[in-house]
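This report refers to the structure that appears directly beneath it.
The values are calculated or read from the model by the stated rules, or taken from the named source; none is laboratory data. Remember, it's a predicted structure, so these values are computed and weren't measured experimentally. All Cβ positions, glycine included, derive from the backbone under ideal geometry; neighbour counts span all protein chains shown. To get the accessible areas, we keep the full protein, side chains included, count just its heavy atoms, and leave off ligands, DNA and RNA. Shrake-Rupley method; radii C 1.70, N 1.55, O 1.52, S 1.80 Å.
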Amino acid sequence: MSILEVEHICKTFNKTEVLKDISFSLEKGQVVSIIGSSGSGKTTLLRCLNFLENPDQGVIRVNGETLFDSNDAATQQESAIRKKRLHFGLVFQSFNLFPQYTALENVMLAKELLAKEQPDYKSRKKEIHGEIQKQAEGLLQQMGLENRMNNYPHQLSGGQCQRVAIARALALQPDILCFDEPTSALDPELTGEVLKVIKELADKNTTMIIVTHEMAFARDVANHVIFMDEGVICEQGDPHEVFEHPKEERTKQFLSRFTQG
């Protein structure tokens with residue numbers, strides 16, 4: 001059974017159809033790269049999956065559980081959105097770290113907020129805090145930031161900030177880790193260190209959806225590629241087939257521009 005099923009998702013902003021009948025599925029441990037020109041709907045799709053936007057139509061399932069069904073009002077309650085988001089970890093383009101917190105505190109924050117809702121939090125506060133801190137330290141070590149845990153965002157490079165953001169997304173142990181152009185805000189010399197971390201996660205069979213303009217990375221790391229244009233999925237499949245033998249004319253045109261550039 002697929003870990004993620006997306007069926008017939010549509011989204012309109014001010015009468016402009018941004019997503020038009022989007023359907024795809026994702027297996028556990030799979031890495032899907034979504035490619036396409038700016039404005040093709042890639043970021044909106046991620047925002048719908050993370051419930052930062054509600055689709056106008058369609059169905060989203062995770063592990064067989066229906067999180068959203070446009071024909072079922074019970075799946076559209078605002079009170080359930082935070083719980084639904086726990087299935088997805090989202091790494092933004094612009095880091096979105098809290099400047100008043102250290103790298104370690106940024107990674108710990110969301111889990112600490114959730115812990116406070118546990119009935120035994122007050123009696124186990126110190127123990128729970130210690131567990132959360134230990135996990136956060138381990139994630140930052142995994143990101144190669146063991147010597148930067150007590151630094152604030154302004155004391156970190158862009159690549160280091162993005163690695164903190166990845167650690168923060170992993171802290172809640174989401175079913176699916178999503179990246180929205182994770183290197184677009186980085187200088188070229190810092191891009192490689194972030195892509196290396198993502199590749200290491202892929203090698204550990206982390207289930208991921210990666211929106212990216214890094215074509216070589218999409219081809220080499222993903223095991224499934226989706227090409228979007230003007231709000232539709234034009235083509236999807238094995239990276240080798242899509243990149244080397246595209247079937248659709250729009251895919252060919254997009255990839256030829258990349259090759260020429």
Practice problem: Starting from the residue with the highest accessible area, list 190, 67 in decreasing order, probe 1.4 Å. | Solution: 190, 67
Quiz item: Over region 1-121, what relative contact order in percent results from Cα pairs under 8 Å that are six or more residues apart?
Solution: 22 percent
Quiz prompt | Proximal aspartates and glutamates relative to residue 20, as straight alpha-carbon distance under 12 Å, when same-chain residues fewer than 8 apart are discounted | solution = 7, 56, 229, 230
Quiz item: Can you list the trypsin sites (Lys or Arg not before Pro) in region 160-261 that are in a DSSP coil and have 14 or fewer other beta carbons within 10 angstrom?
Solution: 204, 247
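Among 83/134; 83/111; 204/247, which pairs are too far apart, with a Cα-Cα distance over 21 Å?
Working: 83/134 24 Å; 83/111 13 Å; 204/247 31 Å.
As for pairs spanning more than 21 Å Cα to Cα, those are 83/134; 204/247.
Loop-only check: which GluC sites (Glu not before Pro) in region 107-210 are DSSP coil with at most 11 other Cβ within 10 angstrom? Mind dumping the intermediate values first?
Details: sites: 112, 117, 127, 131, 137, 146, 189, 193, 200; in loops: 117, 146.
Answer by residue number: 117, 146.
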Self-check item: Within a Gaussian network of the chain (alpha carbon springs, distance under 10 Å), most fluctuating of 46, 186, 114
Solution: 114
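When the Cα atoms of the chain are enclosed in a convex hull and the volume is divided per residue, what value in Å³ results? Each step should come with its number before you reach the end.
Details: hull volume 37.4 nm³, N = 261.
Residue-normalised Cα hull volume stands at 143 Å³.
Find out how many positive minus negative residues lie around residue 22, taking Lys and Arg as positive, Asp and Glu as negative, among other residues whose Cβ is under 10 Å from that of residue 22.
On the way: positive: 11, 20; negative: 7, 21.
Within the 10 Å Cβ shell, the charges total 0.
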Quiz prompt | DSSP-defined antiparallel bridges as percent of all bridges, the chain, nearest 5 | solution = 55 percent
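Give, as a single signed number, the net charge of other residues whose beta carbon lies under 14 Å from the beta carbon of residue 74, with Lys and Arg counted +1 and Asp and Glu -1.
Working: positive: 83, 84; negative: 65, 69, 72, 78.
Neighbourhood net charge equals -2.
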Quiz prompt | Mean separation of Cα contacts under 8 Å, 6 or more apart, over the residue count of the chain: relative contact order % | solution = 26 percent
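Using Cα-Cα distances under 8 Å and only pairs 6 or more residues apart, what relative contact order does region 79-149 have, in percent?
On the way: 25 pairs, mean separation 22.5, N = 71.
Averaging sequence separation for qualifying contacts and normalising by length gives 32 percent for region 79-149.
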Quiz prompt | Listed residue (251, 44, 240) projecting farthest to the positive dipole end of the chain, Cβ model | solution = 44
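Please compare each pair in 42/252; 84/125; 11/42 to a cut-off of 22 Å on the Cα-Cα distance and tell me which ones are over it. Mind dumping the intermediate values first?
Numbers: 42/252 18 Å; 84/125 26 Å; 11/42 12 Å.
Pairs exceeding 22 Å: 84/125.
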Quiz item: Counting Lys and Arg as +1 and Asp and Glu as -1, each charge on the Cβ, what is the dipole of the chain about the Cα centre in debye, to the nearest 20?
Solution: 820 debye
Exercise. Would you mind getting me the FRET efficiency between residue 134 and residue 249? Use the beta-carbon distance for r and R0 = 41 Å, nearest 0.05.
Key: 0.15
Quiz item: Under a point spin-label approximation (7 Å from Cα along Cα-to-Cβ), what is the residue 21-residue 2 distance to one decimal in nm?
Solution: 1.6 nm
Quiz item: At a probe size of 1.4 Å, how large is the accessible area of residue 48, to the nearest 10 Å²?
Solution: 0 Å²
Exercise. May I ask you to derive the FRET efficiency for residue 38 and residue 113 from their Cβ-Cβ distance with R0 = 35 Å, giving the value to the nearest 0.05?
Key: 0.55
Self-check item: Simple label model, 7 Å out from Cα along Cβ direction - residue 82 to residue 199, nm
Solution: 3.9 nm
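Please work out how much length the chain gains when fully extended from residue 257 to residue 126, using 0.36 nm per residue of separation minus the C-alpha to C-alpha distance, in nm with one decimal.
Working: separation 131, 0.36 × 131 = 47.16 nm, distance 5.58 nm.
The residue 257-residue 126 span can extend by a further 41.6 nm.
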Quiz prompt | Net +/- balance of residues flanking residue 202 in space, Cβ distance below 11 Å, scoring K and R +1, D and E -1 | solution = 0
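What whole-number value in Å² describes the accessible area per residue of the chain for a 1.4 Å probe?
Details: 13070 Å² over 261 residues.
I get 50 Å² per residue for the chain.
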